[in-house]
Amino acid sequence: KMSTQFYQMSTKLLGDTMGKMNENLTSLVLAASLFTLTLGYVSKRLLKESEDKDAKYPPYIPSSIPFLGHAIAFGKSPIEFLENAYEKYGPVFSFTMVGKTFTYLLGSDAATLMFNSKNEDLNAEDVYSKLTTPVFGKGVAYDVPNPIFLEQKKMLKTGLNIAHFKEHVKLIESETVEYFRRWGDSGERNLFEALSELIILTASSCLHGKEIRSMLNEQVAQLYTDLDGGFSHAAWLLPTWVPLPSFRKRDRAHREIKNIFFKVIEKRRKSGETADDILQTLIDATYKDGRPLTDDEIAGMLIGLLLAGQHTSSTTSAWLGFFLAQDKALQDRCYAEQKAVCGEDLPPLDFDQLKDLNLLERCLKETLRLRPPIMTMMRMARTPQTAAGYTIPVGHQVCVSPTVNHRLRDAWMERMEFRPERYLNDTADKFAYIPFGAGRHRCIGENFAYVQIKTIWSTLLRLYEFELVDGYFPTINYTTMIHTPHNPIIRYKRRKQ
């Protein structure tokens, strides 16, 4: 349609202009203004084109601020914003932020639409590609048609199996013991920072193989940090060609990490040796048409495998630590479980024992309920959709919030309390608990995440006793896309055996 063509022409013109301009502030402001006006114009045109006089649209939350809409209020306190909207408008409602219309589906019944949908109707690439492609690279994940992405996920899932998990437990325990030597016998440290570093190490050991792990020094770890910086609100909202320092760091890190991977892949291919790891799984894999993966695809999938789970696992691990530090009796019960399941002398962990650590698992589940790492899951409506009697037009970003679903009054008793025992009688509605998504959209890394986090915390409970610093339980940092703990300092002391 005319408005779509106008948008594409304007965006191309703007991209060409930005490619040629220097970082002159006036030019940048003019370009940003042009982009804003173009987007605002197109949004209104597309909305008009999609109107159906007979359709019943979701309740719309009005805003007096043009273009920005509710971006400021939502950015300050997104959970409070969504919970208030749920109370006032019900489970389905729409609002505008930065020229885009978002329709939220809250509660188990409303969320059914997203988790049972087909990708051609509620599309993931349209939302996530802009965020993931500069980080993972072209030709993988959301940069390819969904059937190809599904084949790639299946290849990765082949390598995430129980036989590998049994080896992973040993690797993760070893990495954890080695990493925490630097903590000494007692002190106060940044738990989130430590676990973020550890999870990169453990994930690389388990998922990348020994060659890549052996190259993971501080310089390479910084490259991962710079690449990881690509997952930001700015990356989601702004075009990829805007010359932000974080975008430049991301792009440089992407090139350098891929070059490291290319050398490892080439060496593995030339050696003729095989190994029982995911790198070998990808080297040996073929698509349905018989085509093998290119080195570029393998490198992109290895980056995606590491970074897609790094945020979520490090954040969840840190929150679990603070919930245990907050409740000394619960922490002691988790330590006692280690001895009851694994033996009084606490021998090295193994996978079969890890499965029997039921209290620790319930604590992890409850952490994921109260602090799910992903606040919002999104899709773009490519066809009109129906939820709770409302018609959601094409072009709306359709969203489900695990955070809100996990604490709705009508779904959870004592919804704000940390109560691991609630899972002894699991009666939650189907989509009331969705930390890893659900249905065909469920995260393939869920089982690995449980192995990784349970192994790390089994090891830490054996090493230390933890407590809050002067009773401070971290507040939630809403400025990041993953809701991390703010000022995550924890107090610890070596456990007496």
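The values are calculated or read from the model by the stated rules, or taken from the named source; none is laboratory data. Worth saying up front: this structure is predicted, and the values here are computed from it rather than measured. When we count neighbours, we look across all protein chains shown, and the Cβ atoms used for this are built from the backbone with ideal geometry, even at glycine.
The C-beta contact set for the range 312-324 (first residue within 17 Å of ARG419 (Cβ to Cβ) and modelled with pLDDT of 95 or more, second residue in a helix (DSSP H, G or I) and of a type in the set (D, E, K, R), distance under 6 angstrom, 6+ apart or interchain) is empty.
When the range 287-317 is filtered for residues that are within 15 Å of the chain's Cα centre (by Cα) and more than 21 Å from ILE212 (Cα to Cα), the ones remaining, listed by number, are THR312, THR315, THR316, SER317. When the range 435-477 is filtered for residues that are among the hydroxyl-bearing types (Ser, Thr, Tyr) and surrounded by 17 or more Cβ atoms within 10 Å (Cβ to Cβ), the ones remaining, listed by number, are TYR450, THR455, SER458, THR459, TYR464.
Exactly one residue among ILE453, ILE444 is under 30 Å from HIS208 (Cα atoms) and either among the hydroxyl-bearing types (Ser, Thr, Tyr) or at pLDDT below 95 (or both), and that residue is ILE444. Scanning the range 478-496 for residues that are surrounded by fewer than 13 Cβ atoms within 10 Å (Cβ to Cβ) and within 17 Å of ALA234 (Cα to Cα) yields one hit, THR479.
For the range 304-408, give me every one of the helices (runs of 4 or more DSSP H) that falls completely inside it and has 1 or more residues that are farther than 30 Å from ASN146 by Cα, touching a His at 6+ places or on another chain (Cβ under 6 Å) and of a type outside the set (Asp, Glu).
none
So, of the residues in the range 86-127 that are among the hydroxyl-bearing types (Ser, Thr, Tyr) and part of a strand (DSSP E or B), which turns out to be nearest to PRO59 (Cα to Cα)?
Of everything passing the filter in the range 86-127, SER94 is nearest to PRO59 (Cα to Cα).
Considering only residues in the range 261-277 that are crowded, with 17+ Cβ neighbours inside 10 Å and modelled with pLDDT of 90 or more, the one that is nearest to ARG250 (Cα to Cα) turns out to be PHE261. Among the residues of the range 415-434, are any under 22 Å from the mean Cα position of the chain (by Cα), of a type outside the set (Lys, Arg) and surrounded by fewer than 22 Cβ atoms within 10 Å (Cβ to Cβ)? Checked the range 415-434: at least one residue is under 22 Å from the mean Cα position of the chain (by Cα), of a type outside the set (Lys, Arg) and surrounded by fewer than 22 Cβ atoms within 10 Å (Cβ to Cβ).
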